[in-house]
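Data first, discussion second: the structure below is written as structure tokens.
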Amino acid sequence: MNFEGKRPHYRIPVSSSLKEQDLIFRNYSSSKGGVSGNEKKLSREAGVPSGHDKEKDGRKSYWKIIALITCTAAGITYFSYGRTLQQELGKSPINMDELNSSIIEKREHNFEVLQGSGGKKGSKHVKKNADKLVVLTDYEVDAIFARNENASCIRAEPARTGGGSGEIPYGQVKWYSNQIPSNSPIEDYISYKRVEHNKHFFGVFDGHAGYRCAETISSELPNLLSDSYEVIEQVLNNGFETKKGANKTQEDRIKEMVSVFSDSNKKSLRENKDSIALTSTYILMDEKLVKDNLHKFMGLYKSELNGNENSMSLEKQTEMLKDADNLLGPAVSGSCAIGLVLDAEAGKLTVANTGDSRAIIGRYNEGSGTYKAIPLSEDQTANGNRKEYERMIREHPSESSTVIMRGRVLGGLMPTRAFGDSRYKWPIEVQNMLFPMLYQNGHRYATSPRNYFTPPYVTARPTLVVHELIPSDKFIVIATDGLFDRLENSEIVEFVGSELLKNSKEQKQGQKQQQKGEGEEGEGNVASKVIKFSLSRDDSNVKKLLANKDQKLANLLLSIPSPFSRSLRDDISVYVIVL
């Protein structure tokens with residue numbers, strides 16, 4: 001099952017009316033509190049917002065209860081998650097049309113206040129006008145959180161080893177997800193795909209300089225990874241032989257990379273299959289974005305790019321600009337990516353990280369009843385990762401004083417590894433040829449950095465972590481830096497662990513009520529809860545806005561529309577995977 005959110009290829013300008021940006025709320029289901037697939041697409045495009053011994057035994061068993069209740073009782077593998085707002089907030093009827101109209105009006109009011117007072121985007125500007133802002137109610141905030149929350153239960157296929165009769169350690173795994181935008185449109189994407197027999201890929205893609213790169217790789221990378229696994233199986237069965245010459249297929253290119261990363265050694269390939277598949281896929285995905293599409297565009301318009309553009313008809317110019325946007329647009333923007341392959345049979349995780357999103361494990365200490373955060377990734381930035389800083393200096397020795405400035409690549413880009421970001425990869429001659437056209441066509445990041453001498457400066461090659469799961473590893477959190485900017489790893493695992501325990505108790509109680517004909521089954525989406533928790537934490541910038549006001553931090557933060565919200569919070573996208 002492959003689930004990626006997709007946006008239409010149009011964008012709502014930042015200066016547009018908030019009525020346009022929030023239009024999707026008008027289509028919100030009043031009967032179920034849910035949204036259709038198309039509405040989800042539009043909502044993202046619009047930037048709107050898934051005794052002592054007995055006690056110990058309970059701690060041991062509740063994790064499996066979480067995974068089993070909805071899997072076996074409901075008999076489903078994927079579903080739009082969450083109780084309706086009527087269930088969440090009480091039995092009193094709620095007029096969803098009125099609720100959503102209220103959200104639209106408040107957001108438009110706040111947009112006009114901030115835009116009309118100078119339109120500056122910094123937190124100081126928001127603070128200056130805080131007393132004029134209208135804050136969303138709890139009902140309205142819950143409606144925003146309900147838009148993109150999802151959950152699924154993954155069932156294992158029969159094991160390939162042991163005659164298919166052996167127990168699979170992670171035969172049923174449940175995940176929760178949600179995304180809350182700050183940018184408009186949101187620049188984050190998430191995706192899930194079963195990439196091989198009992199191997200599951202979870203990806204979180206944090207875009208920057210626009211959403212186009214993250215959108216593209218979230219859609220294409222999981223499928224490319226699945227193809228890589230198929231090619232690896234072919235290599236293991238038939239050998240490393242590849243086609244020579246220029247006309248190589250995608251399969252040939254995967255074989256070449258697999259051969260390089262395994263040293264053409266089948267034993268090495270078999271033992272490091274997940275790591276090699278992920279690394280090959282990441283590199284090939286970026287080559288398709290940054291190189292293949294560039295070569296395709298240059299081939300289509302070779303004559304025009306060599307100085308004959310003045311003789312082009314208006315129709316031809318329009319076609320050229322359209323192709324430039326479609327082929328080169330995703331490479332002008334950029335994206336971090338953290339991908340995780342869960343091998344349900346082997347009980348193993350392989351994490352590939354490009355950028356500064358993170359994955360952590362929540363490990364339970366039965367003796368103390370607490371959780372420890374086990375990092376599965378390192379932020380790939382020059383200001384916080386000494387190894388990355390030294391790598392950059394080593395790769396660009398003649399530019400030691402300029403390659404990293406103010407903790408950023410050439411003074412501009414924070415992550416040292418990323419997809420896209422052609423302004424840090426293309427030769428300067430190519431940039432000089434294409435960037436003026438792209439810039440005039442709306443790609444405002446199509447500009448060349450200063451001190452640009454020895455590209456490429458940024459790579460999509462991931463760093464890898466392989467982790468053997470143990471029984472005390474209870475859950476995984478994968479998220480964009482918008483979450484980790486607000487919470488420490490330890491705070492996240494403690495919160496998620498406590499919420500999962502609470503969920504299991506609520507589920508048990510719900511089952512008992514249903515057996516008696518009472519109540520309705522339901523549980524909270526843990527991804528939604530941890531995002532809301534992060535937005536509710538004391539923040540020095542936001543606390544100043546709340547001076548002498550009896551308001552909730554999360555409500556205020558979600559009341560501030562894009563682009564003004566970006567100085568106070570980032571897009572946040574989260575997977576919580578319960579093991």
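Counting just the residues of the range 183-204 that are closer than 25 Å to Ile232 by Cα and among the aromatic types (Phe, Trp, Tyr), which one comes out surrounded by the most Cβ atoms within 10 Å (Cβ to Cβ)?
Phe201
Is at least one residue of the range 198-213 assigned to a helix (DSSP H, G or I), in contact with a Ser or Thr (Cβ under 9 Å, 6 or more places away or on another chain) and at pLDDT below 95?
First, the residues of the range 198-213 that are assigned to a helix (DSSP H, G or I): 212-213.
Filter again for in contact with a Ser or Thr (Cβ under 9 Å, 6 or more places away or on another chain), leaving 212-213.
Pick out the ones that are also at pLDDT below 95 and you get none.
No, the range 198-213 contains no residue that is assigned to a helix (DSSP H, G or I), in contact with a Ser or Thr (Cβ under 9 Å, 6 or more places away or on another chain) and at pLDDT below 95.
In the set Thr249, Thr281, which member is within 21 Å of Glu220 (Cβ to Cβ) and at pLDDT 95 or above? Show your work before the answer.
Working: Thr249 fails: at pLDDT 95 or above.
None of the other options fit; the residue is Thr281.
When you scan the range 410-419, do you find a residue that is small (Gly, Ala, Ser) and farther than 22 Å from Ser218 by Cβ, even just one?
Residues of the range 410-419 small (Gly, Ala, Ser): 411-412, 418.
Next, from what is left, pick out any that are farther than 22 Å from Ser218 by Cβ: 411-412.
Among the residues of the range 410-419, at least one is small (Gly, Ala, Ser) and farther than 22 Å from Ser218 by Cβ, which makes the answer yes.
Here's the yes/no breakdown for (1) more than 25 Å from the chain's Cα centre (by Cα); (2) on the phi > 0 side of the Ramachandran plot:
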site	(1), (2)
Gly420	no, yes
Lys425	no, no
Met437	yes, no
Pro449	yes, no
Phe453	yes, no
Ala460	no, no
Val466	no, no
Val477	no, no
Ser490	no, no
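Taking the range 457-496 on its own, how many of its residues are part of a strand (DSSP E or B), under 11 Å from Val576 (Cβ atoms) and of a type outside the set (Gly, Ala, Ser)? Steps first, answer last, please.
Filtering the range 457-496 for residues part of a strand (DSSP E or B) gives 459, 463-468, 473-479.
Restricting the remaining residues to those that are under 11 Å from Val576 (Cβ atoms) gives 474-479.
With the extra rule that they be of a type outside the set (Gly, Ala, Ser), the set shrinks to 474-478.
Residues that pass the stated criteria total 5.
Is it the case that the range 367-389 has a residue that's among the basic types (Lys, Arg), outside any loop (DSSP other than H, G, I, E, B), closer than 30 Å to Leu579 by Cα and at pLDDT 95 or above?
Yes, the range 367-389 has at least one match.
Mind listing just one residue for me: the one in the range 460-476 that is under 15 Å from Thr350 (Cα atoms) and aliphatic (A, V, I, L, M) and, of those, surrounded by the most Cβ atoms within 10 Å (Cβ to Cβ)? Write out each step before concluding.
Narrowing the range 460-476 to residues under 15 Å from Thr350 (Cα atoms): 461-470, 473, 475-476.
Add one more test, that the residue is aliphatic (A, V, I, L, M), and what stays is 464-466, 469-470, 476.
Values: Leu464: 17, Val465: 18, Val466: 13, Leu469: 20, Ile470: 10, Ile476: 27.
Among those that are under 15 Å from Thr350 (Cα atoms) and aliphatic (A, V, I, L, M), it is Ile476.
Can you tell me which residue in the range 432-457 is farthest from Leu278 (Cα to Cα), limited to those that are touching a Pro at 6+ places or on another chain (Cβ under 9 Å) and buried (at least 21 other Cβ atoms within 10 Å of the Cβ)?
Ala446
Answer with yes or no whether Ser228 is modelled with pLDDT of 95 or more, within 19 Å of Thr480 (Cβ to Cβ) and either β-branched (Val, Ile, Thr) or surrounded by 16 or more Cβ atoms within 10 Å (Cβ to Cβ) (or both). Steps first, answer last, please.
Details: modelled with pLDDT of 95 or more: yes; within 19 Å of Thr480 (Cβ to Cβ): no; either β-branched (Val, Ile, Thr) or surrounded by 16 or more Cβ atoms within 10 Å (Cβ to Cβ) (or both): yes.
No; evaluated as a whole, the condition is false for this residue.
Considering only the range 179-195, I want to know if a residue exists there that is within 30 Å of Phe484 (Cα to Cα), modelled with pLDDT under 95 and small (Gly, Ala, Ser).
For the range 179-195, residues within 30 Å of Phe484 (Cα to Cα), modelled with pLDDT under 95 and small (Gly, Ala, Ser): present.
Considering only the range 247-265, state which residues are closer than 13 Å to Tyr229 by Cα and in a loop (DSSP other than H, G, I, E, B).
Within the range 247-265, none qualify.
Would you pick out the residues in the range 375-424 that are aliphatic (A, V, I, L, M) and surrounded by fewer than 17 Cβ atoms within 10 Å (Cβ to Cβ)? Reasoning before the result, please.
First, pick out the residues of the range 375-424 that are aliphatic (A, V, I, L, M): 376, 382, 392-393, 403-405, 409-410, 413-414, 418.
Residues satisfying the conditions are Ile393, Met405.
Inspect all residues belonging to the range 221-236 and state whether any of them is within 16 Å of the chain's Cα centre (by Cα) and assigned to a helix (DSSP H, G or I).
Within the range 221-236, one or more residues are within 16 Å of the chain's Cα centre (by Cα) and assigned to a helix (DSSP H, G or I).
The values are calculated or read from the model by the stated rules, or taken from the named source; none is laboratory data. In this text, all values refer to a predicted model and were calculated from it rather than measured experimentally. Here the Cβ is made from the backbone with ideal geometry for all residues, glycine too, and neighbour counts use every protein chain on show.
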